[in-house]
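This report concerns only the one structure given below.
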Amino acid sequence: MKLYIRLAWRNLWRHRRRTIIVTVAMALGLGLMMFYDGLMFGFDQAIYGNAIKILGGNIQIHAQGYNTETGQNPLQPLADDQAAVQAALAQPLVENASRRINTVGMVTSREGAFGVSIIGIEPEKEQEVNLAAQNIASGRYLNQEDEDLLLIGKGLADAMDVGVGDRITMVGRSTHEQMRQRTMTVAGIYDLGMPEYEKSTVYISLGEAQALFDLAGQSTEVAIVLKQLGTEPKVMAAIEPLLPGYEIDTWRNNYPELLATITTKNGVMNIFSVIILLIAGIGILNLLLMAVYERTREIGLLGAMGLKPFQIWLLFIIEGTLMGFVGVAAGILVGLLINGLLRQVGLDFGAMSSAVEYMALISGRIYPTWGLEKLLSRALTVAIIAALAALIPAFEASRREPAAALHHV
């Protein structure tokens, strides 16, 4: 076998021009696939990562029995929320962890009553990861000391016909199922470009929520934001042993519709990627077939020297496989170069932010990853396609009669 490998490797570089053309074709195919993967994962972080931040983080920690409650967002306090926060922040993949009180209620004005989610947050801790805090259209963001102040979305402000400084009535349910009503002043209005979400979510300070809902010094949820989407299982595996008696869930369980959207998108994109690789495979097949016809006399010489048809077939298969490995190595370099450059400058998709509602989550530029997430499967696919593409040329070569091949002009 070593002899065949040495002969195949020598043959590759004896026909340098053909080898370079095939290698460049495979390198561009794999490099573009790495760029494609990096861009898709960059989109996931920009759109779905931001969507998950809006929905309460990648991971949520609740008290035992929280998910079995019949009421929506039950006011079930955590036994030791500070311990839960510290356990989360100790993990290197965690970007932020903060306490929350999350319940449902209603806000009213002269325009009518609107059902909303009321979220009590630690403003200073969430400022860097809360998209509402980063998209204040008018007024200001909340402070921990704020009392009787709330932050509302532009969609709700428009529906209620209110602005900064106006007063509205907020009604919510306390831990004892008693209805609590308080007149609140609009401190600020956030604009995410998502009217439906803005219409249904208001924020107040955690201290105000604790006083309003009889949860002095307590919270009902710890929201954990991760540095990268997809690392939830690792973080959960690390913190679960540290927090026995708590319910720890990810957005995958809490928001199955978002998971279904991502799964569908990935499935469609995988189909496109396979089509791209198949097109590259057809090009490789064509080049290798042409190589067989160019080397007819060489094949005849190999047969005259005593190589059997199977041995000639094997030699061409090894050549195709080695060419695939060379193409994979070159493709990885091309992909890393493309993504490395784009990671520095990004791609401007700001003009698309108003195309559909979810695109509003793009802050302006998309920064692709290195494209290594599916590198192993992509590289193996390219190598296998190169080997399979060599099957037909190898079969053609093995069928040549040595005498006829030697007299081929």
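Some observations on this one:
- Note on segment 239-273: residues that are at pLDDT below 75 and either more than 16 Å from the chain's Cα centre (by Cα) or among the charged types (D, E, K, R) (or both) total 4.
- Taking (1) more than 24 Å from Val129 (Cα to Cα); (2) surrounded by fewer than 21 Cβ atoms within 10 Å (Cβ to Cβ); (3) of a type outside the set (Val, Ile, Thr) in turn, Ser200 satisfies each apart from (1).
- Among residues of segment 106-132 that are aromatic (Phe, Trp, Tyr), those with a Cβ under 7 angstrom from a residue that is surrounded by fewer than 17 Cβ atoms within 10 Å (Cβ to Cβ) and part of a strand (DSSP E or B), sequence gap 6+ or separate chain, pair up as Phe114/Met106.
- Single match in Ala159, Ala133, Ala137 (criterion: closer than 18 Å to Thr108 by Cα and in contact with an Asp or Glu (Cβ under 7 Å, 6 or more places away or on another chain)): Ala159
- All of Gly188, Gly165 fail the test of being more than 26 Å from Arg252 (Cα to Cα) and without any contact (Cβ under 8 Å) to a residue 40 or more places away in the chain, apart from Gly165.
- Selected residue (only one of Glu232, Glu240 is in contact (Cβ under 8 Å) with a residue 60 or more places away in the chain and among the acidic types (Asp, Glu)): Glu232
- No other residue among Asn135, Asn143 is surrounded by fewer than 21 Cβ atoms within 10 Å (Cβ to Cβ) and more than 26 Å from Gly217 (Cβ to Cβ) apart from Asn135.
- Members of segment 98-125 that are touching a helix residue (DSSP H, G or I) at 6+ places or on another chain (Cβ under 7 Å) and over 23 Å from Thr175 (Cβ atoms): Ser109, Glu111, Phe114
- In segment 156-194, residue nearest to the chain's Cα centre (by Cα) [restricted to those that are crowded, with 21+ Cβ neighbours inside 10 Å and small (Gly, Ala, Ser)]: Ala157
- Filtered residues of segment 215-232 (kept if among the acidic types (Asp, Glu) and closer than 16 Å to Arg100 by Cβ): Glu221
- If you check Ala394, Ala355, Ala405 for being of a type outside the set (Ser, Thr, Tyr), modelled with pLDDT under 65 and either out of contact with any Ser or Thr (no Cβ under 8 Å at 6 or more places or on another chain) or in a loop (DSSP other than H, G, I, E, B) (or both), only one passes: Ala355.
- Leu93 meets each of the listed conditions (1) buried (at least 19 other Cβ atoms within 10 Å of the Cβ); (2) in the same structural domain as Phe213 (by TED's automatic domain parsing) apart from (1).
- With respect to the conditions (1) in contact with an Asp or Glu (Cβ under 7 Å, 6 or more places away or on another chain); (2) among the polar types (S, T, N, Q); (3) part of a loop (DSSP other than H, G, I, E, B), Gln91 falls short on a single one, namely (1).
- Arg18 meets the conditions (1) of a type in the set (D, E, K, R); (2) without any contact (Cβ under 8 Å) to a residue 60 or more places away in the chain; (3) more than 28 Å from Thr231 (Cα to Cα) in every case but one. The failed one is (2).
- Flag for Ala216 being at pLDDT 85 or above and assigned to a helix (DSSP H, G or I): no
- For Val222: the one exception among (1) surrounded by fewer than 20 Cβ atoms within 10 Å (Cβ to Cβ); (2) under 19 Å from Leu93 (Cβ atoms); (3) more than 19 Å from the chain's Cα centre (by Cα): (1)
- So Val171, is it assigned by TED's automatic domain parsing to the domain that holds Val116, without any contact (Cβ under 8 Å) to a residue 40 or more places away in the chain and out of contact with any Leu (no Cβ under 7 Å at 6 or more places or on another chain): no
The values are calculated or read from the model by the stated rules, or taken from the named source; none is laboratory data. Being a predicted model, the structure only gives us computed values, none of them experimental. A quick note on method: Cβ atoms are made from the backbone with ideal geometry, for glycine too, and the neighbour counts reach across all protein chains shown.
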